[in-house]
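Take a look at the structure below.
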Amino acid sequence: MTNQIKTTIRSLLKNKAYGFLNISGLAIGIACAGLIFLWIADELTFDNNNAKKDNLYAVKVNASYGGNEFTMGSTPRLMAASLKAEIPGIVNTSRLSDQDVNSLITIGGNAMYSSGRYADPALFSMFTFDFVQGNVKDPFPQLNSIVLTEKTAKKFFGTDPNVIGKTIRMNNEYNYVVTGVVKDLPQNSTLQFEWLAPYEAEMQQELAKHGQPDNSWKSYGPFTYVELAPTASLASVNKQLYHYIYGKDATQKTTVFLFPMSDWHLYDDFANGKETGGGAIKQVRMLSLIAWIVLFIACINFMNLATARSEKRAKEIGVRKVLGSGRKKLIGQFIGESLIMSVIATVFAVIIMVIAMPAFNSLVQKTLTLGLTNPVHIIALLVIAIICGLLAGSYPALYLSSFDPIKALKGLKIKTGSATIIRKGLVVLQFTVSVVFIISTIVIYLQIQHVKDRNLGFNKDNLVEIDMQHGFAKNFLTIKQELLNTGLVQNAATSDHTTIYDGNSDDRFTWEGKSPDNKVGITFRDVSAEFISTSGMHIAEGRDFTEALSDTSTVIVTESLAKIIDKNGVIGKIIRSPREQGEGAYKYLRIIGVVDDYVYGNMYGQAGPTIFLCRPPFKDIEGNDNLLYVRIKDQHNSQQTLAQIGTIIKKNNPAFPFKYQFVDEQFNAMFMGEVLMSKLSSVFASLAIFISCLGLFSLAAYTAERRIKEIGIRKVLGATVPGIAGLLSKEFLQLVGISCLVAFPAARWMMHNWLQGYQYRVAIHWWIFAIAGAAALMVALVTVSFQAIKAALMNPVKSLRSE
């Protein structure tokens, strides 16, 4: 072993350029793969902080709308207690509010927003929480208890070492007493919050505001989590749950099943009531493939450079064989050298990872660390080093050990036919992968832009969303007029749901001629009269709402719904709504307008049928969480405008800070997964090409060195520098051209399959392949031409002197 290390180091010092290119290519490949594997490990260990992970499940409900099954996590409020009491094998249940509750927290004279959830106390015995202060067995000793995370406790109370018993005021309405502090949850935990308060407290607040809440099986709201006994059969429990809600209320034609915690993050994708096998696991699989491909490209470099230098080691191999080294011993020697170089490359790869980690974390929006104190990470690095060493050194070892010692020692030319073919094949493979990367990057980028540029049915630019906290909608008319008076605002309106996300949905809307069996899931939104014009929607037929209160009995529908109702025209037709009059009673609504289809929720999907109902915000003074939308005039500075808007909002709602979002920023946030894939694809495509070019650069240098006397003779006979450079470059450009021919159909097949996952998708145009091919050829030409021109400029006298 010591001899092998000495030999390897001596060889590297003797051929510094070769050693540098070989080790740097391998190091970059290992560093790229290592960073990806860190990300994958973080994804695969989601929710591992919970000791009972294997026994915890979320209750999922399948509901039928418009002939399709939709899977949702929202469950009846009565479900948690009922399941624990009636289903054998379920040892514990807990409710959790189905979305983050962003509340204003006031402590003394300081006010700040904080996001939390309402939960049953059982959640603390089901999920794993490390209490720093308080008691896990009694987290909510009273109804107005609240448990904070460590980070939140510092945010609220600074460095105070004991916050138990301290009081905070929520939304300027309710006082809560801190009864516990838990350690911050890891980033790869599905459950995230800054505070938890009793679910019953939320129920009591609803009772105080609106009277007795609906406690029937029709009242959906929280997530319901279930803990099964270790010996319980999931299949048996699911069988009992299937028609559980229907058994409680025959009008609820839904089905129920348990969704295991181990699948929450990776496989949370459903279609027609069943898991599709998709979700975050798709990104994990794709990036795993990319990691191994980049490693493979780096190993190909090693093979190419090792076999290219074969003639320089021919005499060494001949001497070793004459002195008694058998082929097996030589193979061991060369594999050992490869492993040593791989270990050296791994050390440099770790240095590269340390340097690149902040940028990588920023890219993937995580806080990953190398974790070199973790034995698993050390073992993983060693495994990667061994795999690379064996893979990269296998063929060179077999090839070099096969040399005839007599020919080698006589200085006869070693036949390299098969090695040359394999070397060329590896170059083709390298650039094939690189071209596929380039094409994939372009297609992913175009797909994202295709969706971003589609007609959404409204204008997201210069549109500001403001949270109208706790009933200040009663001042809407005053606020609107003051905003218009600034001259900076075009219009303002309210809506009960965020514009780019889903609204409420119901399949019980009816109209003349509709079959009772035709269940059409229709989204409905309560908006003020100004909403259509403020949001930038286009009236395709009919008219907009007016500000008259008479328009509260009218609706505007989207084109997709208009076509369902009557393809010959819908203006003036009546829709019967199941809302506001109680079960079985309908409110009659007249259609006054049709707008272009409106895209919300899934930006890649088709626009669903939608109804806009006119409801003046000041009619609902209490408990209506309206959102205020403000259209800013294009020509004015947004920061100046926001400052004036903030002044007006604070004036009319002094108890709450001014909170806003730009709708276009919300829209861009919906593409985080695709943007991540696009960025990673472009980064690793660039690195794959760079690694390939390192090998190509070395091979070009080797080729020029082998043909140096030929080049000298050609120059003496009158060959020009461009002619010689073209001669040397031609072979490599041909290989890259073959790579393109192989890569084009492979890339088209891969990206065609990838695009099938989107209803709204871009076409794969011919020019994408032209750009990718031209880019690969240009990079190869620049890489090779440097060595080719250098060889062509060499003085022929020096190269022919020994002849």
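Brief remarks follow.
- Burial ranking of peptide ranges 727-733, 601-607 (average Cβ count within 10 Å, highest at the top): 727-733, 601-607
- Among 552-564, 84-96, 754-766, the order from most to least packed when residues are scored by Cβ within 10 Å on average: 552-564, 84-96, 754-766
- Long-range HN-HN contacts of Y758 with modeled amide H, under 5 Å: none
- The share of Cα pairs per 10 Å bin across the stretch 151-233, counted from zero up to the longest distance, runs 12, 32, 33, 19, 4 percent.
- Within the accessible area of the stretch 325-377 (1.4 Å probe), percent carbon and sulfur: 72 percent
- Mean separation of Cα contacts under 8 Å (6+ apart) over length of the stretch 155-289, as relative contact order %: 10 percent
- Gain upon complete extension [D566, K452; 0.36 nm per residue less C-alpha separation]: 38.0 nm
- Segment Q661..D138, full-extension length gain: 184.4 nm, with 0.36 nm per residue of separation and the alpha-carbon distance subtracted.
- Highest mean packing first, where packing is the average number of other Cβ atoms within 10 Å per residue, the peptides 525-531, 332-338 line up as 525-531, 332-338.
- Spin-label model, K248/M72: points 7 Å from Cα along the beta carbon direction are separated by 1.5 nm.
- Remark: spin-label model distance E541-A85 equals 5.2 nm, labels positioned 7 Å along the Cα→Cβ axis.
- Across the options L488, N462, Y501, the greatest Cα extent toward the positive end of the charge dipole of the stretch 458-514 (unit charges at beta carbon of Lys, Arg, Asp, Glu) belongs to L488.
- Long pairs among K137/K209; K60/K155; K519/K563; K52/K84, criterion Cα-Cα beyond 25 Å: K137/K209; K60/K155
- Virtual spin-label span in nm between M750 and V101, 7 Å along Cα→Cβ: 4.8 nm
- Shape summary of the stretch 138-291, radius of gyration then Dmax from alpha carbon positions: 20.4, 58 Å.
- Convex hull volume per residue, computed on the Cα atoms of the stretch 34-184, equals 193 Å³.
- Heavy-atom accessible area per residue - the stretch 119-215, 1.4 Å, Å²: 47 Å²
The values are calculated or read from the model by the stated rules, or taken from the named source; none is laboratory data. No experiment lies behind these values; they were computed from the predicted model shown. Backbone-built Cβ (ideal geometry, glycine too); neighbour counts: all protein chains shown. Calculation scope for accessible area: heavy atoms of the full protein, side chains included, ligands and nucleic acids excluded. Shrake-Rupley method; radii C 1.70, N 1.55, O 1.52, S 1.80 Å.
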